[in-house]
Structure formats: C-alpha cells, structure tokens
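First the structure, then my questions, so here it is.
Only the coordinates and a few stated rules stand behind these numbers; no lab work does. Keep in mind that what you see is a predicted model, and the values were worked out from it rather than measured. Please note: Cβ atoms are built from the backbone with ideal geometry, for glycine as well, and neighbour counts cover all protein chains shown.
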Amino acid sequence: MRSKTLGPRRHTARRTPLLHAQAPLTRAAGLALLAAGVLGQTAWAQDSEAPGSEAPAAASAAEEPQALAIRAARVVLRPGQVLENATVVVEGRRITAIGADVEVPEGARVLEGDVVCAGFIDPWSVAGLDANSARATSSEAFARAADAVDPYSQEHVLDELVRAGVLATRSIVGARAPFGGLSVFLRTADAQPLLDESALHTAVGVGGGFSQQRSFDGSLTFGFSEVDPLQRLAQIDKIADQLRAGAKYGADRVEYELELAEWQKEIADKEEELQDDFKKAKKDRDKKVKKAEDDGKEFKEKKYKEARRPREPRFDPEKAVFARVVNGELPLVVRADRALEIRDILKQTAEFDRLRLVVAGGRSALACARDLVARDVPVIVTPSASAKSTGDSLNRGLGLAGDLHAAGIEVLIGSGGSSALASRDLPLLAALAVGHGLDADAALHAITRGPAQVFDLGADVGTLRRGRAAELIVLSGNPLSSSTRVLFAVSNGEVVHSDAD
Amino acid sequence: MLTPLLLEPALVLAGALGGPPPAAPETLALRAAHVHVGDGTVLEDTVVVLEGGKIARVGGDAPSGVRVIEVDGHLSPGLIALRDGTGAGSERTESTRKLTPTVDLARAFDPEHPDWARLVREGITTVVLTPGSSRVAGGVGAIVSPALGEVVKPGALVCLGASSRSLSTNEEPTSYAGLYAHLGRAFSEAADGSPLARAKAGSLPVMMEVVERSEAMLAVEFAKEHGLVGALVGLRRADGAVEAIAASGLGVVFEPAGVGASRTTLMSARLLHEAGVPIAFTADAESRGAAALRMAAAAYVRAGLGSEAALQAMTHGAAEIAGVSGSHGTIAAGKVAELVVWSGAPTDLTSRVLHVFAGGEHVYDAQAHGGQEAR
Amino acid sequence: MLNTMLLSTKITLAAAALLPSAAGPAQDAGQDAAPTRSHTVHAETLYTSAGDSIRNALIVVDDGKIAAVSPGVEATRDAIRAKVVTAGMIDASARINVGLRSVEQGSEITPEVESRFGIDPFDARWARLARSGVTTAFVAPLNQNCIGGFGTVVKTAGGADLVGRTVESARMICGAIGSQPSQRNSPAFGRPSGLYNRRPTTRMGVEWEWRQSFFDAGQTPAEDANERTRTLQDALAGRVGVFVQAWATQDIRTAVFLKEELMREGFGELQLVVDCAAEAWREIDMLKRTGTAVVLPPLPSQGRTRDSALMPLDTAHRLVEAGVDVCLSAHAGDNPGARLDVQAGFAMRGGLDRAQALRAVTAVPARVLGIADRVGTVEVGKDADLVLWNGEPFEITSRPVGVLVGGELVVDPRD
C-alpha cells in the first residue's frame, strides 16, 4: 500500500519541481508544526523523531525519510548494465551509493528482492489528470496539463500505477485535440509534477466530430469520426505555420530585447550628457540662466524618451509556446500514424534545426525509418493486441517496436492515453513488444531511461546512479516478466508500496 | 422460430469442409526442457512423440529412426480460443431473429480467411466459433482448427445471450424477464435431439453470456432449473457471487482484459479459480486482435492468478468448457498433436512463439517464415 | 470495493470476537465466517407497532427470529443497547429495479412477468436502504407498461441470493394509469419502425388497454386461458392484488371506476392498492367506499409531484383520519431527503402522531403487502428486523444507529 502519510502534503507542496523540493517542504513542515502547536498536539513532532514510527506527513517532510538499503541479486543500473548481488542505498530522497560492498547506514530499512531497477515511466499517458481535461477534444497549445492534475479523484488509479511499478507518467490533456498543450511529467506516488512543462503535445488525424453509427446487428456505436486525409495534411500545415509564427515571434522578442537594451543605453548616455550641460549652464548663471532653464525643462519632462522607445511585440501565449518549441526548449510530440503524414511532418519541420521532434503512434513509421534516424526522432509506440500486421512496411502490427528499434530508431513505449488506468499495464505492453521481436533491454529502455532522457529528466530519473532521485522498484523477477511481482516501490526516497501489506 | 433451411445435420458439414483426409503426417519427437501439460503440471526434460496426428507418448526416450526436434524452451498445448468470429464478420449474427438455437456456426467458417494465420502465430490452434453477442440464442458454436482449415466439431456447444447485450429497446425482449421467458419457452419446446434438448440433458455444454453479477445470478438459477452444464461468458466481476457460481458447477470465461481493465475484473479470475471454478478466456480476435488472449492471461497473472492456472485456462480449462477435453487441451498420449514451442514460459508475454504443430503437422516456424505465417 | 468488503467483514468478525458471551447458541457459527443471527437487544423504549410501547424491553433474537420480548428488564451485559427500538421499516414502493430492462415492452400488458428478473441484488442502493432503517422493500417493474407484472418483496440485506432474500407475500400485479405508459409510444406514419408505434398514446388509450385486457380475460373460458389471461383472471377473482400507480385525481378515479365497472359487469372484484397516490386526499370517500389502500410518494419539494399532482403536507394525516390504509414510501431515491424516516417525519409535521407515522412505515405496509405474518411488528415469532434509534424516531435529531435484518446485524451501533 502507498503510505497514507503522503496525502496531506499535497495541499502544501503542490506542483513543486523535484529539484527545488526542499524549500516548500520546509515551509509545509513549519505550517504543520504550527498547526500541531495550536492543536496542543506537540506529541506529533516528538513521535516523528522516534525511528520507525508512523509520523504525520508534514512533520516527517521536514526530516529526511528513513534511509533504505535495497539488496538484490541483480541491480539494473540501466538497461543492459547490471550489477550482481549489490545494494542500493537511499538517503535523503536520493541514491547515495550502489555497489557490492557499500556501507549500510545505521538505522536503514533493508529491502530485499531479486531485481532492482528504475521505476517505469509512461511517456504517453492521461494518468493523474482530471478526466474531462484529459478527454478534451479541443485545447490550446498553452494549456498546461499541470493545471489539470487531480490527485484526489485519481487517487485509486495512481495507487494501481504505483503497485505496477509505474512511478512516473508524462500526462497530457486534450488527448483528442489537434493541439493538446503542455504535458506534465508526473510522479505517480504523490501526484507531484517532476516537470511542469515537459513537451508540447499535438496530434494529426484527431479532432473530428462525434459520430454515431449503426452496426450490422442494429446496435448504435458512438465514436469519433475519422478526419479525412486532406484535413490531416492541413493539420500538419497548421503545426508548421505555428512553428514559423513561433519562430518569428521568438525572433521579434529577441530583436525587441536588443532594441530595448540599445534604447536604454541611449537614454542613459543622453541623461548623462544633459546633466553635464545643466551643470555647465548653472556655472554660467548670469549669462545663460534662461537657456539653461529651457534645457533643464526638457530634461525634467523626459519627452524624448517615450517617443523613441521600441515597441514591445504583443504577448501571444500560443506563439510563445511555439517559440520555445522552435528553440528546442520543449520537445514537440506529434501524434501521427500514417507514413505519408510522418514524412510530411519531417519535411515541414526540416527548417527548424533546434526543434526536438517526437512522433507518437507511428504505426507505419518504419517506412520513414531513414529520415527518422537522420533527424534523430524518437517514436512512442503503443503495442496493441489488436494491431494487425499486413506484413508490409506500412503496417508492422505488433512487430512495430522491434522493427523500429532494429532500424536504429529510439523507441519509447507508452500506453497511448486510452484511459488513466492504461498506464498501469505499461510493463505488459513492453512485454508484448518483446514477445513480438523487440530486444528485452530496448523494451526496458523504452519505459525507463528513454522517456526520462527524451523529456528532459534523464539526469534525475530513469536510471540508477549515485546522486539520482530515488525512484525505483524492487521486483521478484525479470522486470518485464508477466509473473513478476513488484515487491516494493520507492518514490521520492520513501517506500510507497510494499507487497507485504 | 427457425427456418427449416437453417436446420442441417451438423456432421455432413464436417466432411464437406474438411475435404479429403490429408496424408498422415510424419512421426516425430520433440524433446523439451519444460513441458507444460496444460492441467497445471510441468514436466522437465521430457520427450513427446507425435504419430499420425496424435500424441503417441509423453516421456521415455525418443524412438529410434524418428526425427527428434530439440526444443530449447517450453512446450505447451496449442491454445484454445473460446468465442471468436474471425473471418465470419456479420455472418455470425442472424439479426432478423433473437432466437435461432439450431443454426450451426460451422456454416460461417471460412477456412481460407487470411486472418487465421494471425491466430496460429500467437499459438492458437483451436477456435470455438460462436454467434454474436446480441442474440438470445444465436446458435451452436463450432470448434475449428485455424491452422488446418478444418471443422473439428460442429454443433459443439449452445450459445445463449443473457446479458443486456441481448436486450433491445426496439425489439422483444426488452427485459430480463422477457429474455428468460423466451429462453424458457425455447427449452421447453425444444424437439428431441435438438441442441437445446441435448443441452437440457447435459450432453451439450452451453456458453451463457452475462456481464453483470446480477445477470450471472439469473443465469445460474436458469442453468440449475434446466440442468445445464458449461460456462458463463463475459462476466466483469464475480465478487459476492463466487459462492453461487461455484455451487452451480458452471465455469466462467472472461473477456480479454485489455489495457486499463478494472482491478475488480482482474481479481475476479483469481477469486473464482481459488473457489475451484473452471476459468477460461475468450479470444474475440476479430475485434481485439490475435494477441489479446495471451495479453489477457498475462494481465490476470499480474493481478495474482498463477501462471500455470492461466495456461490451464487457455488449454485444458477451455477444452473442458467446450466439451473437447477428451481430445484437446493437454499434452497427453492419445490427444491431438497440437503443440506450441515457446522461447520462455507460455504465459509470459515476453516469450515468443517459435513453432506451432497442429494435427501433427509443423504449421508454423518463426525462423523459417521470418515472423510470417506458415500457411 | 473488494477491499472495503473484506475489511467490513473483518470488522464484523472482530466485533463478534470481542463479545465472548454474546447471546445465542449460534455464536459458534462465527467460525464459519457467516455472521451470527442471534443477538440480545435492550431498548429503553420499544415501539412494537402492535399497539403498545414497552419501557426497558429486552429483545432476544435467535437465529433470525424474535424469540422473546421481556418488559421492565435491565440490560444484560452482552445486550446491544438502544434508546428506542422499532420494527424494521418497510418501503412499499422502493424503486430499486434495473430500469427499462425490468419491464417487458414487447407488449403493454405483461401481468405474468416477474419483477425479480429486474432486481440487481448487488445494487449499491440496497446497503443505503438498509442503513436508513428500511429492512423490507416492495419492488415493482418500472412503470412503463400499463400492466408490467408481479412485484417482489425482498429484504434489503442478506447477500447475493435474491431468492433467499425474497419474502413470501400477497401476489400483486403492478401497473400504471396516467401519462407514463403512453410516454414512449407514437402512432406509426407509414410503416411501423419499432415496437413503440402503438397504442396507447393518451390516458384514454391507457385506460382502454386496462379495460380491454380485463374484459377479455373475464370472458375467456378457463381452458383457453394462457398464462397472461390466467393471471388477469386471478386478479379478477381476488387471488392476485392489483398495485396501480396513479398520481393525479383523474387517474385515481380511473382505477377505482375500473374496479367498480368490473364488479358491475360481474367479472369480479379487484384488490386495489393505489401507488403514488399524491392526490388521494381529493377522493377520500371513493377510496373508503372501495376499501382501497394507498402508498404515498415522497413529499415533493415544490408541492407538485408527477403528472402535476398536488400533494400537501397533511395528505397522510387526512387519509389516516378518514380510515384509509396509508403506507409511506421514499422510492429509494438518491436524494438524502428521500429516506423513509424523513418521510415519516414529514407526515408527522402534517399531523400524524408518532404511532400513526410508525405504523405507516411498518405494520400497515406489512398488511397491505400480505407479509404481516413475517414483518411489520416487534412480536415473538416475527423476523428479527429491528431498527435501533438514538432518540425518538422521525425527529430531525434522531437517526437509525443500528439495524438488524433477519437477525443479522447490518449496522452495529457499537461500531
């Protein structure tokens, strides 16, 4: 079970990026201590100092959680790099040591299992978000999924994710919208964003109207109507246009900043000059008092300033987002399945050399493999049992992930956001891909290190290394084996799930 | 109730579809590190001898002069897909009538349909073709072999719909009461020797589709009243109803729990299995894909069902529910030679299907076919 | 959900384990994980619904039945104590059916259909009903047919086995007069496209269906009668009751006129119960004249109920004063006000005294539904359906704190 003490902290330390977690947590603790004092329950704080006691949330947040020493027959540092019979030490929410002969800190809780590896990460999910926002059919590029995080109604869902070892998700709003918005990189155990704005999510071939169809047996089925091919290409044009607009907006902003700086310098110089003039004029009081007063007036009124001030470009939140995307500050995820569209996206975005493109879906991405490799574009694949392979390069069915990997493309595996609970089955999806040709290490990479790197958290999660955040799972067997149980899940340095419960 | 046209002696069909008997397949032996018998047991380092399309012997040494295939992995019985409509499309459902209890789905079997190869590639060697879900009594299911393109057993089990899927708002019945009134009448009026009469006598199993627990309770009561044997199909959750289902002797066939299935559904299989209720999974490959069966089993395993129990559900358990456990579902002498060679444990999704044998023939070889189907 | 269920089981077992000497020989049954059906309950005041109230009553429950009621006795150490104890409440019109799938729309007249097919024993509303002190409920098919079929009396607790929860009762066919049965129908223009292209589309059409079916049944010789006709003949002979939903005055009149017309024609006498009789107060004489019992719907918040029927606060009071059998109902709604004890409280505001209000949710519905031999009063030999209150029943400050259904402690006041 997930530790119950996590709940209350969400009030006080919501949306705290991991790297800056300390300060707000301390404040939260202060508040809690204050509250405890008011309630006359100072025992709370005292209790929490006793080792191993069930401390109330906020009070324990002030201190570091109990140190952990995790022993396992195999420690998967990163896919393909395994330490045998090693121990991982977690202190202060971080991994402080990994090795065969590491010193176990005094008072550490010892966890044992067969395999330790980084927590699974779903790069394409709707978990943790308010369901309506997640399902929205229209959205804006500047919509922030971080604002739709709903830890309360999603608590049981997140709990299931944690039990399955899925400790982080990149969750998106507007799953059926052409411009979904800025996705949030979420820690599932406590619904805290690890990264508020992790990528811009867009999609081709969605946003069609709601349709109802009568099936052959007379029952009505409801669904989204298909968007026709021309419309799909138009959607790609729109993405490209927005990127161009964003690029211009970004350039305009840069130009404005330069001009502003230039102007400010000019003002400063002029003021200095006037000051000098004024001083000079004052000395020659008798002769030139009238003229100096005139000059001084101009200086006081500062009329000359505003007239020549550079015009600030009008703030446009959408263009601002695209400007960041063009700059490579945010990855651009485009959901596209058909080879024609993927090729068109690649072509239309070729001019933006700093753009970090990610293709999601990519059912016939194999046909564009060469271009994807050349442009270094990762593909998020959602293995689905219903995927049919027709044996050609346009439709590889379940073999897709394996084929893309073999072609040299970085493959990520995501649940595709079909439902919040779908992320729970991420390890099953990865296993399904392995069963149909994907290399086992590549599959593990696709749900741990890969998503972390592509979405800018590679230095913190996704692998096990000294100094990294303690986001890891202890398993009873191979990470992707169906019969493997998640014995413990450790998130933010705390044991958030234990199979023994 | 039924047009005479649809009444057809089932056995004639088998001959018609099966064609002339093929030449007897070669005698060969497989030596495997792990042999999953299908009934829950696993034999280590065991030889299985195939002869004349059947399993001649399990255990002992390989007979001399016979080709021996060394299996560096796991051997299991071919998987059995309960409830499927691959290749049949709308032909499964006689949508003008809610009750057509004597129509045989063997008629809708298209042995040449290309989709069958997908099932074989996933280790499925036996399929129970059933009518669509929207009927009250849509007909009798047929057992077919997708790899051989043969009807194994026509008229194998009676398919009944007792869920809300079989109720309409614009057509009778609109209520459970109406549904059971129709079913009750159909059973009481069934002619001697007809499928419903044989179901009543317990000689033909039934598959009763139910989704909600309340529907299961009504179905259990009806089955008890009419002495039916077989299984409930499609139940979403069983908590609270386990006792009643266990007492009925009926099995439970779960629909493929896809990605994001609810925890109650996943837990239900375990609850029923622990209560001794035979469980199995439907395939529904035509809508959910050929891999859905294994995906489902893996999802249930992750939720706590034992690996061997999950394999049993796809082999021996399914054979029992379909009434063909005498010939199918386990690796035992005398059973049909339907085997799958896996790279790892059969219920592990990371395992790959390496070889498939059906009727003693080597019908799929992953290497030789480069991942493509054998047929 | 599952976890919660397991948890609550554990709690119940733990509670049983804490009471080593809890009364009853069935205590050992606790080891089988089956909850015990034997308890001792002590009430400071016991309202029996049979005419008297008893101070300091000790009620011994043995295997689901009331074994003894002793007045003026101190509580034993193991007794479950309560300020007030009453009989379990009975909702004569609990609408816990599966909606449209509970009524067979293939025909307008389906008296032979059993409503039990349309009852979900796993419906979450059962637990809510039991917690609110309702221990027995009458469930009719959804009122979308003129005559929908037989209603079922079920206990509100007792697990998945609906058959085991069913109480043998008077057989009653349920139907509706008014606007509901015709709502979904429409005349066919050109070719009929569904089963809703049919009569009735008006109140007159509904009445015609009722009259036609009973006249046909009355004139059909017994040997030619099918199940449907036989059921209607049973109703004419008084062997089967007729439970009719009629909200507005004109619909209540139609029901009574139909009964009188059938008597005049010599077909027989219907045993009529009018459900949802919001405007019964306008036709008190007619109801008295024909001995018709009524079930009142929940008091509307805006005065008007369905079919624009007006239901004032003193409806129950006026009818009871006139000697009409009145049952109250809450329709098992989702609204927190739609609780039977709250409805009884409203009826008291309208003029009923506490004893009358209590009888309207216990003894009277028991008699009307034909289950008075099992439930409705606290008497030796009756089912141990008890409600334990923390104060005088139906007061705004009172609520059920303990509930026993068939001797099983569904809500334990000690928790």
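Neighbouring Cβ atoms within 10 Å as the yardstick, rank B:ILE55, C:ILE284, B:ILE124 fewest first. The partial results should precede the final answer.
Details: B:ILE55 24, C:ILE284 16, B:ILE124 31.
Neighbour counts put them in this order, fewest first: C:ILE284, B:ILE55, B:ILE124.
Work out the mean other chain Cβ neighbour count within 10 Å for the residues of C:101-111 and drop it here as an integer. All intermediate terms of the calculation are to be shown ahead of the outcome.
Numbers: counts 11, 4, 5, 11, 10, 9, 2, 0, 0, 4, 0.
So the per-residue partner count for this stretch is 5.
Moving to a separate point now. Please give the direction-averaged projected area of the C-alpha convex hull for the range B:267-354, in square nanometres with one decimal. Before the final figure, lay out the partial values.
Values: hull surface 24.5 nm².
Taking a quarter of the hull surface, the average projection is 6.1 nm².
Taking only DSSP H segments of four or more residues, each worth -39500 (n - 2.57), what value at 222 nm results for chain C once the sum is divided by all its residues, to the nearest 500 deg cm²/dmol? Display every interim value, and only then the final one.
Details: 11 runs with 111 residues, N = 415.
My calculation for chain C gives -8000 deg cm²/dmol from helical runs alone.
On a full-extension model of 0.36 nm per residue, what is the gain between C:VAL73 and C:VAL380, subtracting their alpha-carbon distance, rounded to one decimal in nm? Display every interim value, and only then the final one.
On the way: separation 307, 0.36 × 307 = 110.52 nm, distance 1.65 nm.
Residue separation times 0.36 nm, minus the Cα-Cα distance, leaves 108.9 nm.
Percent antiparallel among DSSP beta bridges with both residues in the range C:258-415, to the nearest 5?
Numbers: 8 of 14 bridges.
Counting DSSP beta bridges with both partners in the range C:258-415, the antiparallel share is about 55 percent.
So, one more: Take A:VAL254 and B:GLU26, extend 7 Å from each Cα along the Cα→Cβ direction, and tell me the distance between the two endpoints in nm.
Taking the two extended label points, one gets 6.9 nm.
Would you mind checking the range B:273-314 for residues with the amide N under 17 Å from a putative spin-label position 7 Å along Cα→C-beta of B:GLU91?
Zone members listed by number: B:285-287.
Further question on the same structure: Which residue, C:VAL387, C:VAL401, C:VAL85, tops the fluctuation ranking in a GNM of chain C built on C-alpha contacts under 10 Å?
Of C:VAL387, C:VAL401, C:VAL85, the Gaussian network model singles out C:VAL401 as fluctuating most.
Let me ask you something else. From the square roots a ≥ b ≥ c of the eigenvalues of the alpha-carbon gyration tensor of the protein assembly as shown, which class results: rounded (a/c under 1.5), prolate (a/b over b/c), or oblate? Could the numbers behind the result be given before it?
On the way: a/c = 1.73, a/b = 1.25, b/c = 1.38.
Note, shape of the protein assembly as shown comes out oblate.
Picking from A:PHE278, B:GLY329, C:VAL378, whose Cα lies most toward the positive end of the charge dipole for the protein assembly as shown (charges on Cβ: Lys, Arg +1; Asp, Glu -1)?
Comparing the listed Cα positions along the dipole, A:PHE278 ranks first.
Still on this model: Would you mind calculating the relative contact order of chain B from Cα pairs under 8 angstrom and at least 6 residues apart, reporting the percent as a whole number? Before the final figure, lay out each step's value.
Details: 914 pairs, mean separation 72.3, N = 375.
With pairs under 8 Å counted, the relative contact order is 19 percent.
Could you tell me the calculated FRET efficiency between C:GLU269 and C:GLN212, based on Cβ-Cβ distance and R0 = 22 angstrom, to the nearest 0.05?
Working: r = 19 Å, r/R0 = 0.86.
Plugging the Cβ-Cβ distance into 1/(1 + (r/R0)^6) gives 0.70.
May I pose another question? Among DSSP beta bridges whose residues both lie in the protein assembly as shown, state the antiparallel percentage, nearest 5. Present the calculation step by step, with values, prior to reporting the outcome.
Numbers: 114 of 195 bridges.
Within the protein assembly as shown, antiparallel bridges account for around 60 percent of the total.
Label the range B:126-239 by shape, choosing from rounded, prolate and oblate, from the square roots a ≥ b ≥ c of the eigenvalues of the Cα gyration tensor; if a/c is under 1.5 it is rounded, and otherwise prolate applies when a/b is larger than b/c, oblate when it is not. Write out the running numbers ahead of the final one.
On the way: a/c = 1.65, a/b = 1.35, b/c = 1.22.
Note, shape of the range B:126-239 comes out prolate.
What's the magnitude of the charge dipole for chain C around its Cα centre, counting Lys and Arg as +1 and Asp and Glu as -1 at the beta-carbon? Answer in Debye, nearest 20. Mind showing how you got there, number by number?
Working: 43 positive and 49 negative charges, 177 e Å.
The calculation lands at about 860 debye.
Still on this structure: Just counting partner chain Cβ atoms within 10 Å, what average do the residues of peptide B:297-310 show around their Cβ?
3
If we restrict to alpha carbons, what Rg and Dmax does the range A:454-501 come to, in Å?
In order Rg, Dmax, the Cα atoms of the range A:454-501 give 12.1, 35 Å.
Of the peptides A:454-466, C:263-275, how do they stack up when ordered by the mean number of other Cβ atoms within 10 Å, highest first?
Details: A:454-466: 20.7, C:263-275: 19.0.
Those peptides, ordered most packed to least, come out A:454-466, C:263-275.
Summarise the partner chain shielding of B:336-348 as one whole number: the mean count of Cβ atoms from other chains within 10 Å of each residue's Cβ. Provide the component values of the computation, followed by the final result.
Details: counts 0, 0, 0, 0, 0, 0, 1, 2, 5, 3, 0, 3, 10.
What the average comes to for B:336-348 is 2.
Charges on Cβ only, +1 for Lys and Arg, -1 for Asp and Glu, centred on the Cα centroid of the protein assembly as shown; of B:LEU119, A:PHE120, B:HIS36, which one is farthest towards the dipole's positive end?
Toward the positive end, the furthest listed residue is A:PHE120.
With a cap of 12 neighbouring Cβ atoms within 10 Å, and only residues DSSP puts in a loop, list the trypsin sites (Lys or Arg not before Pro) found in the range C:119-191. Walk me through the intermediate numbers first.
Working: sites: C:ARG125, C:ARG128, C:ARG131, C:LYS155, C:ARG165, C:ARG171, C:ARG184; in loops: C:ARG171, C:ARG184.
Sparse-neighbourhood loop trypsin sites (Lys or Arg not before Pro): none present.
On to the next question. Charges at C-beta only: +1 for Lys and Arg, -1 for Asp and Glu. How large is the resulting dipole of the range C:334-415 about its Cα centre, in Debye rounded to 20? It would help to have the intermediate numbers written out before the result.
On the way: 9 positive and 12 negative charges, 55 e Å.
For this selection, approximately 260 debye.
Relative to the longest principal Cα axis of chain B, at what angle does helix B:213-226 sit, 0 to 90 degrees, rounded to 10?
Taking the Cα atoms of chain B, the angle to B:213-226 is about 90 degrees.
Oh, and also: What FRET efficiency comes out for B:GLU189 versus B:ARG67 if R0 is 51 angstrom and r is the Cβ-Cβ distance? Round to the nearest 0.05.
Numbers: r = 56 Å, r/R0 = 1.10.
Once the sixth-power term is evaluated, E becomes 0.35.
In nm, give the distance between the simple-model label positions of C:ASP415 and A:ASP101, each being 7 Å from the Cα along the Cα-to-Cβ direction.
5.8
Say each of C:ALA124 and C:ASP285 gets a label point 7 Å from the Cα, pointing the same way as Cα to Cβ; how far apart are those two points in nm?
For C:ALA124 paired with C:ASP285, the spin-label model returns 5.0 nm.
Could you give the size of the charge dipole of the range A:416-483 about its Cα centre, using +1 on the Cβ of each K and R and -1 on the Cβ of each D and E, expressed in debye and rounded to the nearest 20? Present the calculation step by step, with values, prior to reporting the outcome.
Values: 5 positive and 6 negative charges, 37 e Å.
Here the size comes out at about 180 debye.
Using only alpha carbon pairs under 8 Å that are at least six residues apart, calculate the relative contact order of chain C and give it in whole percent. Working shown, then result.
On the way: 978 pairs, mean separation 75.9, N = 415.
Relative contact order, chain C: 18 percent.
On a 0 to 90 degree scale, rounded to 10, what angle separates helix C:2-18 from the longest Cα axis of chain C?
40
Additional query: With r defined as the distance between the Cβ atoms of A:LEU230 and A:GLN264 and R0 fixed at 35 Å, what FRET efficiency is calculated, to the nearest 0.05?
Numbers: r = 50 Å, r/R0 = 1.42.
Efficiency at R0 = 35 Å is approximately 0.10.
Additional query: Starting from the range A:404-501, pick out the GluC sites (Glu not before Pro) whose DSSP state is loop and whose Cβ has at most 14 other Cβ atoms within 10 Å.
Numbers: sites: A:GLU410, A:GLU471, A:GLU494; in loops: A:GLU410, A:GLU471.
Answer by residue number: there is no such site.
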